[in-house]
Amino acid sequence: MPRAATLLRVAALGLLAAFLLRPQAFAALFAPLTQYGAPPIYDQGNLLTLTLAHLATVCAAAVASTIVAVGLGILVTRQSGAEFLPLSRALVNIGQTFPPVAVLAVAVPLVGFGVKPTLIALFAYGLLPIFENTIAGLQGCTSELLEAASGMGMSARQRLLEVELPMAMPLILEGVRLSLVISVGTATIGSTVAARGLGEVIIAGLLSSNTAFILQGGLVTGLMAVLLYDAMGLVERRVCRAAHVA
Amino acid sequence: MIRIENLSKQYGATTVVDAVSMEVERNTITVIVGTSGSGKSTLLRMINRLVEPSSGRVLIDGKDTRSEPAHLLRRRIGYAIQGHGLFPHRTVAQNIATVPHLLGWSELRIGARVAELLRAFQLDPAEYAGKYPHQLSGGQQQRVGVARALAAEPSVLLMDEPFGALDPIIRSKAQDDLLDIQRRFGTTIVLVTHDIDEAFRLGQRVAVMSQGRVLQYDRPAALLTRPADSLVARMTGLADRALRLLSLTTAGQIATPGSAGGPTIAASASLRDALSEILWHGAESAQVVDERGAPRGSLTVAAILAHGRPE
């Protein structure tokens, strides 16, 4: 990795940490964006707690999407599950095309306000990249390799765990990475149904015409997305190096 | 010993292997040769049940192969395929250790066996054990593939066109290595190929297959001198059958005591090569020496020619 890029990443992480721990230190920076003496820094809640809550929601949804999407991907690439491929693909596609806002609208009457409808929306929205990458990864194992594995005396389960999944892992992680990054941004809408998160900051800004609030919510979310993307990239590279597949 | 009884495989209305019966002797190399689509690979795969037979049965050392789960059976049978099929995410040592791991060998025993095999295949363990398959040449990958197939000391090794992806020079070396390895470990090998030269070079017994049937299963010389039908004769090469026959006997086998003029020939050289050498030197005879250069006798053109026709 080039040195400059590493420095930039460390700087971004440092900036994010500094802003979340001591937001008031940045007050002068945001003051020009406010009018009529409105507060330049979000003051209706702790920015750090909101960020952590936001991250927790995103991660919980990503874990659930990963488990379901990888599981489905494995199922439909087995001989016995191949007929479920079109159906699974259709379901996952619906999850992606159905707007998260609409999912919230449907979910709130069913599960109430709070973090639950947000989790459902993020979960459905995050399935597609992981599912498709899992399938692509598993189908990327050549028939020669699978025959060798069977010929050695591996059971179907051993073949999956020792050959197919390790070979597919880099692509699966790439899917999780995409899904995570999309979720970080999408999770802000959860605040419309009272889920704790950075959306609160943006909505507060919109309601009081406070550009500083909107910008703070957006910047923190954006920085988090970029840093998560990089962190997942590091994990991927490590796994690829261990697996020696590019 | 492998005993194949009335083995058939049908896919729908197509019969791929048609009631094949044959016996493979212990500690020999048996080659199944045939054109593509002759059913030779399917026959091989029915031995370790990668393909389940439609009817008939296979006995290994008297035991029906269906008397245990297929994956357990396969751990006792070595299997090497064209293009090696090495796992790209595992090192050479890990690849070779695949079956011993499945069998639950101790790490100590696995390590010793991997090192032994690497040395047997002329790969220095210190240098190659930790490498990944993509860091090896084609010939080295192929050797690791065979080493992996032999790792758990199977008494039977099945090979499906194992040298198909190699260039002629490496291929010839790989064939020599296989003969050495077979002598060293005493493994019973069944090898499938479409290359009749390879079949004659490696096989103590050769089965010629076409359209799912074994046309003839015999010693190589018998295939040449007494072909079962015109198809076997065509496949084994009508035009140069006399030369092929010569290539099955070595100079050492027919050398007679005494000395004569002419070029010097190794006792391990085939009569075909010996004849070629004598022709090249415009001589009538040759001296035969063993691998240390000690004289073993002499060989005349007339004696060689006598071996180039059916008795």
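The values are calculated or read from the model by the stated rules, or taken from the named source; none is laboratory data. Keep in mind that what you see is a predicted model, and the values were worked out from it rather than measured. Note that we place each Cβ from the backbone using ideal geometry, even for glycine, and neighbour counts take in every protein chain shown. These area figures cover heavy atoms from the full protein model, side chains too; ligands, DNA and RNA do not enter into them. Shrake-Rupley method; radii C 1.70, N 1.55, O 1.52, S 1.80 Å.
B:Ala149 meets each of the listed conditions (1) closer than 18 Å to B:Arg113 by Cβ; (2) open to solvent by 20 Å² or more (accessible area, probe 1.4 Å); (3) small (Gly, Ala, Ser) apart from (2).
Yes/no per residue for (1) surrounded by fewer than 23 Cβ atoms within 10 Å (Cβ to Cβ); (2) more than 14 Å from chain A (Cβ to nearest Cβ); (3) basic (Lys, Arg):
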site	(1), (2), (3)
B:Gly83	yes, no, no
B:Arg90	yes, no, yes
B:Ala93	yes, no, no
B:Ile96	no, no, no
B:Gly104	yes, no, no
B:Arg113	yes, yes, yes
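Identification of strands (runs of 3 or more DSSP E) wholly contained in segment B:1-41 with 2 or more residues that are of a type in the set (Ser, Thr, Tyr) yields B:2-11, B:14-24.
Of all residues in segment B:16-43, how many are surrounded by fewer than 23 Cβ atoms within 10 Å (Cβ to Cβ), within 13 Å of the chain's Cα centre (by Cα) and under 14 Å from B:His194 (Cα atoms)? Of the residues in that region, 1 qualify.
For segment A:140-157, what are the residues that are within 7 Å of chain B (Cβ to nearest Cβ) and not hydrophobic (A, V, I, L, M, F, W, C)?
Correct list: A:Glu144, A:Glu147, A:Ser150, A:Gly151, A:Gly153, A:Ser155.
Could you please let me know if B:Arg184 is of a type in the set (Lys, Arg), more than 14 Å from chain A (Cβ to nearest Cβ) and without any contact (Cβ under 8 Å) to a residue 40 or more places away in the chain? Spelling it out, it is not the case that B:Arg184 is of a type in the set (Lys, Arg), more than 14 Å from chain A (Cβ to nearest Cβ) and without any contact (Cβ under 8 Å) to a residue 40 or more places away in the chain. Only one of the listed residues (B:Arg45, B:Arg109) is part of a helix (DSSP H, G or I) and within 14 Å of chain A (Cβ to nearest Cβ). That residue is B:Arg45. The conditions of being in contact with a helix residue (DSSP H, G or I) (Cβ under 6 Å, 6 or more places away or on another chain), aliphatic (A, V, I, L, M) and in a loop (DSSP other than H, G, I, E, B) are met by B:Ala152. Residues that are basic (Lys, Arg) and in contact (Cβ under 8 Å) with a residue 60 or more places away in the chain within segment B:187-208 comprise just one, B:Arg205.
Filter segment B:185-202 down to the residues that are open to solvent by 10 Å² or more (accessible area, probe 1.4 Å) and within 29 Å of B:Glu153 (Cβ to Cβ) and list them by number. Result: B:Phe185, B:Gly186, B:Asp195, B:Phe200, B:Arg201.
Checked against the criterion of being assigned to a helix (DSSP H, G or I), open to solvent by 40 Å² or more (accessible area, probe 1.4 Å) and at pLDDT below 90, the candidates A:Ala90, A:Ala31, A:Ala5, A:Ala18 yield just one match: A:Ala31.
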